[in-house]
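Pasting in a structure now, in structure tokens, and then I'll have a few things to ask.
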Amino acid sequence: MTVLGPVRVVGRAGGLVEPGGRRAKALVAALALAEGRSVSTTALIDALWDDAPPVGAKAALQTLVSRVRAVAEPGLIESSAAGYRLTAGADDVDLGAASALADAASTAVRGGDPHAAAQLSQEALQLWTGDPGAELDPPLAEELSGRGARLQDELRRVRAQSRIDMGEGVAVISDLESLAAAAPLDDATHLMLFNAYAQCGRRADAMRLFSDHRRHLRDELGTDPANALVAAHTSLLQEGADQPATAASAHGAPPPPQERTDRLVLGLRTPPNELIGRETDLEAIRELVAEVRMTTILGPGGLGKTRLAQEVARRASASTPGVVFVELASIRDAEDLPLAVATALGIRDVTGSRRLGEAFAALPVDLHERIVARLSERPTLLVMDNCEHLVDAAARWIADVLDWTTGLRVLATSRSPLSITAEHVYQLEPLGAAHTDGDDPDEVGPAVRLFIERARAARPGVHIPLETAARLCAALDGLPLAIELAAARTRSMSVEEVERRLGNRFALLTTGSRSAPERHQTLHAVIEWSWNLLGERERTVLRRTSRFPDGFGIDAAGAVAPEVDDVADALDALVGQSLLTVRDDPATGSLRFRMLETVREFGMIAMQDAGEEAEVVDAMRRWAIALADAMQPRMHGAEQLDAFAILALEQDTLVSILRQALADDRADVVGPLFAALAVFWTFRSAHQEVLAFGEPVLAVLRRQDAGSVTGDAPAVAFAIIAVTFLTTDVRTSARAIGALRRVERVHRTEHPRMHALVGLMLAAGRADRSVDLMQSFRTSPDPRVANVGNLLAAQMAENEGDPASAEVAALRANELSVSIGDVWGAAMSAHMLAQLHSQNAESESALHWAGLAATGLEAIGAEADLRQLDWLIALGDIGRGDYASATAVLDRFLADETPSTGFTPIPERESIVWAGLAEIARAQGDSRRGTELYGRALGAFSGGESRRSPWFALVASAALAAAVLDGTTSSEVHGRLARLIRTRTVALGRLLPERFDRPVLGATVLALGSWYLRAEEDDVRVVGAELVALAAGLASRQDIPSLVRRLHEPDANVLLSDVDDTVIAARVARLSANESAARALELLGSRVLAAR
């Protein structure tokens, strides 16, 4: 059975199983700790329930015993008058086995057999499978954890001593450093570490260890180190005492450099594990160090700067004669910096005497000269680690030593730049968390790979869902330290549980490596180290700006911290401490400040502790309202792109504030924010955003007293909700129109374009009034109104089958839009013109206007409209025979799995692509492939609501028309399709006769007419011919090649000529679009066709 990790017992089937429930596991652990002795009922109840035993505690204990017995091998727990005990032998419990192996290993090392000792101790240490006691509650958890930790430390000491005895001290330095840190007063552990340092040539580390240990013993106990440690120290001093330092020249010049060929490698640590995800950084830093004299690795705490610098130094030691690593984290006084460098260099404050009593007696005449002399002896890489808390002193010292030496290069690590002339900054970035789809660990990003490696080291059998790990690493900002702390928690948690608990990351990530510096043992300590280096001004700005979820500009920072005189200077200081990052935003030309999520959470906790949260929330709302009000008028003219760029940049922050205002029922905040965002989203075809917020916004704004409304915002919000929901939720649209009517009675919308939109919404349901309004807009003296009026008129004319009038209106809208710098209006009118030419099978003109539309739509970020435009471009390429370009566009269209932000569902997008590819196959002579692809296009519509879409009618008609033209019709397949198209068209014509899209109806009529022309019955063929003739009067869509009228009309004309029915042709030619539609629906519903 096991207790050194998850509690498990041998089950009835022979394998290890976990008892069900924490208390059942606690029972097993309590009995294991007794090492075969009986434990009384009272003692077990105390151990399992502490001070709160349940009523009927003995019965509850018996139930637990029965629960364990039910899953364990028979006879594992024995009961007697003395209580309960385990029948398993000591070696059958991992705790007992580890104890026995520890005794044997200790005996072996004392007996002079280090190889056996190393093997036995390693075997024992492998029995640990997690954190003992992690699954239990106090006090039992502490007892098991303490017993396990003491035994594990003993085994690590035995293993370390055995490796030292074998001459392999370098392999156990990391272990001994953590043991020494955990037992700062233990002479034996410090002696082993001292010997390990000395054995691998790290004399400076050994000397520093002795000095620190002696000072600690004197401070805490008033004693000196043990005789054995003193003797080892004395021996090392006598082996390496320095020669006397030469005096400086009278003019203060440094001693002349004495070139030496031997290598000097000091202060490097043996890497405890693989450095993951930093190969690119290592190479870049190596090149930088080779090119310049001073390089600073810059980044926030926890990013792995020290580990990276250690690896750079380690690799450099293979080719650089001198490599010295100086750790500054423990130095608190700037005056001690030279002493730290001297200690790292092995420069002791001694004279040339060999007498130990004199070894601590005298100070050097000039420590600076001795350091310069040592660094000048050979080309040297000097690494200065953790400079941020001594940044001024470090900058002065490094600048000075670079002036005095020629072969020296310096690599520094810091959270803030040193800002000296020689410095070249290398900004270290977080590890990438991206991972491709699938379960292959080799395909993950470096952050996820680091998490996997460390989690498996903590618990070898841990299950790691890659997507969960990627999300977790991204939430931890890709900080290696945070990732390692999270991985350590998998000793007792699943990966999913760790992710769920990240909401309070500072409470979660508190268990680091015992060998790590104190500032790196918890995530909170990492940020607190930088926080303590800030002034009150910088702390105020960090606290206040932590509420911004997606970065902020200088103006926003000033809005939430008005009492700070120079916010820009405070932000610069925060950037300097790597607590903020800053980048230029090309679209707005402004600076954007961001903080890692970890820093942001720290700042928010500090803000709450300071009692500033309510004040900051109010300040952010005032800033957001001011921004929204400023952007509204700018979105309708020459400043449109600038306004869109600003809103795109601030969108996440504004949405966050909007959500909170909705939750707080703050209509005064909701109105202006949603109005600005809704206009922005509508122009960019992001209608799903309006749909997502529309109903809660409507609910809050309807509760607002109409008499308190002073601006356009509520009316704009109601109008956009009304028009957006019109095609998806008529009831919500109607409620919005009702609210709009109430507001407009009190406050007339002032902005001309928004006033026009409000007027149209208030006229909803009154067709004549809507048409009159639209005509008045077209002739408005305000070009912002006139261009929208003409654009709406073009759409209406196209829908009614009047392409000539639609083109006139669209051209006018485009002209007006260009004249006032309205990029959106110009793009949408160009889109309309491209569509009109495409529907008339005029490919070159369609592509010309599509190109202009694409330029504008890209500029404003209208992604959904751009995707629809891709279809027009592909059809244009097909029409002019450029099948390769068309295929490339359609493949890209098909690969786009982004959920639609407009009103085109994904099934429709897929059907459009398959239809386009079918037409390419047909054009290339593969009609069979064309039929197959049209089958896929129709299969994208699952039925029901999706088949009521105009796209279904268009694609189905194209499929039927293609089969007729290619001679691949099947009476069963295409006969069924023809009946489906006809019944659908007749039903929709009866249900919504006024809203039927005339060009789509024309395409349907053309395809059905061409199909019926092939019938055996003469009366059916005559009806088919008339339907084909009616298509022109409906301005049928010809953007799909199989629906081009001239390909179908000759057969119809021949038939009408053969039956000498010129009356039909003449009558059809005189019909208007509405009359053509009525006649077409009449024919489709006739008994002649219904009988088929």
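None of the figures in this text is laboratory data; all of them are computed from the coordinates on show. Source: prediction; values computed, not measured. FYI the Cβ positions are ideal-geometry reconstructions off the backbone, even for glycines, and counts take in every protein chain you see.
Starting from 0 in steps of 10 Å, tell me what percent of the Cα-Cα pairs of the chain lands in each bin.
Going out from 0 Å in 10 Å bins, the chain shows 2, 8, 13, 15, 14, 13, 12, 10, 8, 4, 2, 1, 0, 0 percent.
Compute the projected area of the convex hull of the Cα atoms of the stretch 534-611, averaged over all viewing directions, and report it in nm² to one decimal place.
Working: hull surface 19.3 nm².
Its average projected convex-hull area is 4.8 nm².
Could you size up the charge dipole of the chain around its Cα centre, putting +1 on the beta carbon of Lys and Arg and -1 on that of Asp and Glu, and report it in debye to the nearest 20?
Values: 111 positive and 148 negative charges, 393 e Å.
Once rounded to the nearest 20, the dipole reads 1880 debye.
If a/c stays under 1.5 just call it rounded; otherwise compare a/b with b/c (prolate if a/b is bigger, oblate if not). Do that for the stretch 568-618, with a ≥ b ≥ c from the square roots of the Cα gyration tensor eigenvalues.
Details: a/c = 2.23, a/b = 1.70, b/c = 1.31.
Prolate shape, in that a/c is at least 1.5 and a/b is the bigger ratio.
Shape verdict for the stretch 746-836, please, from the Cα gyration tensor: rounded (a/c under 1.5), prolate (a/b greater than b/c) or oblate. It would help to have the intermediate numbers written out before the result.
Numbers: a/c = 2.29, a/b = 1.25, b/c = 1.84.
Oblate.
Once the Cα atoms of helix 227-240 and of the chain are each reduced to a long axis, what angle between those two axes, in degrees from 0 to 90 to the nearest 10, is obtained?
Once rounded, one gets 80 degrees.
Which of His463, His837, His747, His831 comes first, and how do the rest follow, when ranked by fewest Cβ neighbours within 10 Å?
Details: His463 11, His837 23, His747 16, His831 26.
Listed from fewest to most nearby Cβ atoms, that is His463, His747, His837, His831.
So for the chain, averaging the separation of alpha carbon pairs under 8 Å that are six or more residues apart and normalising by length, what relative contact order in percent results? Before the final figure, lay out each step's value.
Values: 1707 pairs, mean separation 56.1, N = 1092.
Reported as a whole number, the value is 5 percent.
Another question, then. Just name one of Val955, Leu375, Leu894: the one whose Cα is farthest towards the positive end of the charge dipole of the chain (beta-carbon charges, Lys/Arg +1, Asp/Glu -1).
The residue sitting farthest along the positive end of the dipole is Val955.
If you don't mind, there's one more thing I want to ask. Relative contact order for the stretch 264-427: what is it in percent, counting Cα pairs under 8 Å that are at least 6 residues apart?
With pairs under 8 Å counted, the relative contact order is 34 percent.
Just want the ordering: Arg12, Arg1014, Arg735, from fewest to most Cβ atoms lying within 10 Å of their own Cβ. Don't skip to the answer; put the middle values down first.
Working: Arg12 12, Arg1014 15, Arg735 19.
In order of increasing Cβ crowding within 10 Å: Arg12, Arg1014, Arg735.
Summing Lys, Arg as +1 and Asp, Glu as -1, what charge do residues with Cβ under 14 Å from the Cβ of Ala626 carry, Ala626 excluded? Could the numbers behind the result be given before it?
Working: positive: Arg621, Arg622, Arg634; negative: Asp555, Asp618, Asp629, Glu650, Asp668.
Charge balance in the 14 Å sphere: -2.
Could you give the size of the charge dipole of the stretch 949-1092 about its Cα centre, using +1 on the Cβ of each K and R and -1 on the Cβ of each D and E, expressed in debye and rounded to the nearest 20? Spell out each step's value before the answer.
Numbers: 17 positive and 17 negative charges, 116 e Å.
Dipole size: approximately 560 debye.
Let me ask something additional. If you rank Met604, Met1 by fewest surrounding Cβ atoms within 10 Å, what's the result?
Numbers: Met604 15, Met1 22.
Result, fewest neighbours first: Met604, Met1.
Cα axis of helix 173-182 to longest principal axis of the chain: angle in degrees, 0 to 90, nearest 10?
In the chain, helix 173-182 runs at an angle near 80 degrees to the longest axis.
So if each residue of separation counts as 0.36 nm, and I subtract the Cα-Cα distance between Ser1086 and Asp333, what length gain in nm does that give? Can you show the working numbers first?
On the way: separation 753, 0.36 × 753 = 271.08 nm, distance 9.92 nm.
Value of the extension gain: 261.2 nm.
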